[in-house]
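Novice: Have a look at this one.
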């Protein structure tokens with residue numbers, strides 16, 4: 001399957017009482033100090049006045065990092081919008097790799113001082129590409145099979161992928177549930193090993 005135009009992956013904070021304001025200086029420093037070494041980060045956009053939605057954007061050339069408060073479930077959302085490769089498998093691995101790296105950077109950030117923990121046992125994946133991945137049964141079937149294969153190999157045998165029953169006008173969205181998911185470092189190592197095995 002071809003790569004979607006945009007692909008997003010959101011991991012959730014363990015504590016739902018998240019102070020969005022605390023992330024503003026953190027994101028500015030990520031830009032200033034080139035904390036994400038393989039991405040060009042450009043600006044910070046504050047939308048925390050909008051309730052129940054994306055609250056803070058760290059805008060990059062190829063991807064955005066978002067503190068997202070949708071449905072009262074705060075989390076770190078990684079939105080890949082360029083250079084997704086040629087097929088869905090590579091797009092998933094690239095997006096997952098960068099999202100996990102973002103989780104690790106946030107959990108170990110010197111300003112946040114380990115106060116915020118992001119769970120790796122659940123995530124939301126959205127295909128922001130209505131042309132190639134329409135939000136219907138046809139668009140969902142093959143995408144779900146690829147997700148199960150790619151994510152199951154990293155998160156463990158009990159990982160499950162479930163399609164979200166949302167409005168057809170919204171992006172095709174899936175929920176990942178992985179009760180036995182290991183820590184973030186182990187997930188990153190598994191993903192790197194999988195990429196090496198595939199010769200990437």
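The values are calculated or read from the model by the stated rules, or taken from the named source; none is laboratory data. The structure presented is a predicted model; accordingly, all values stated were derived computationally and were not measured. A quick note on method: Cβ atoms are made from the backbone with ideal geometry, for glycine too, and the neighbour counts reach across all protein chains shown.
Novice: Looking at 104, 81, 117, can you tell me which residue is closer than 16 Å to residue 171 by Cα, touching a residue at least 60 places away in the same chain (Cβ under 8 Å) and surrounded by fewer than 21 Cβ atoms within 10 Å (Cβ to Cβ)?
Specialist: Going through 104, 81, 117 in turn, the sole match is 81.
Novice: Could you pull out every one of the strands (runs of 3 or more DSSP E) wholly within the range 49-127 that has 3 or more residues that are over 15 Å from the mean Cα position of the chain (by Cα) and modelled with pLDDT of 95 or more?
Specialist: Because the criterion is at least 3 residues that are over 15 Å from the mean Cα position of the chain (by Cα) and modelled with pLDDT of 95 or more, no strands (runs of 3 or more DSSP E) in the range 49-127 meet it.
Novice: So, residue 156, is that one modelled with pLDDT under 90 and crowded, with 16+ Cβ neighbours inside 10 Å or not?
Specialist: For residue 156, the condition - modelled with pLDDT under 90 and crowded, with 16+ Cβ neighbours inside 10 Å - is met.
Novice: Could you grab me the full set of residues in the range 1-37 that are in a loop (DSSP other than H, G, I, E, B) and touching a residue at least 12 places away in the same chain (Cβ under 8 Å)?
Specialist: The answer is 1, 3, 4, 5, 6, 14, 15, 16, 18, 35, 36.
Novice: Across the range 21-40, which residue is modelled with the lowest pLDDT among those that are within 17 Å of residue 79 (Cβ to Cβ) and exposed (fewer than 15 other Cβ atoms within 10 Å of the Cβ)?
Specialist: Residue satisfying both the conditions and the ranking: 38.
Novice: Something else: Which condition does residue 97 not pass, out of (1) touching a strand residue (DSSP E or B) at 6+ places or on another chain (Cβ under 9 Å); (2) surrounded by 16 or more Cβ atoms within 10 Å (Cβ to Cβ), if it passes all the others?
Specialist: So the condition that residue 97 fails would be (1).
Novice: Sticking with this one: Is one or more of the residues making up the range 172-179 at pLDDT 90 or above, in a helix (DSSP H, G or I), within 24 Å of residue 83 (Cα to Cα) and in contact with a strand residue (DSSP E or B) (Cβ under 9 Å, 6 or more places away or on another chain)?
Specialist: no
Novice: Continuing with this model, one more query. So residue 132 clears everything in (1) in a loop (DSSP other than H, G, I, E, B); (2) closer than 27 Å to residue 72 by Cβ; (3) touching a strand residue (DSSP E or B) at 6+ places or on another chain (Cβ under 9 Å) except one condition, right? Which one?
Specialist: (2)
Novice: Mind listing whichever residues of the range 135-163 are more than 16 Å from the chain's Cα centre (by Cα) and closer than 18 Å to residue 79 by Cβ?
Specialist: 135, 143
Novice: Go through (1) within 16 Å of residue 98 (Cβ to Cβ); (2) touching a residue at least 12 places away in the same chain (Cβ under 8 Å); (3) surrounded by fewer than 17 Cβ atoms within 10 Å (Cβ to Cβ) and name the single condition residue 43 misses.
Specialist: Going through (1) within 16 Å of residue 98 (Cβ to Cβ); (2) touching a residue at least 12 places away in the same chain (Cβ under 8 Å); (3) surrounded by fewer than 17 Cβ atoms within 10 Å (Cβ to Cβ) one by one, residue 43 breaks only (1).
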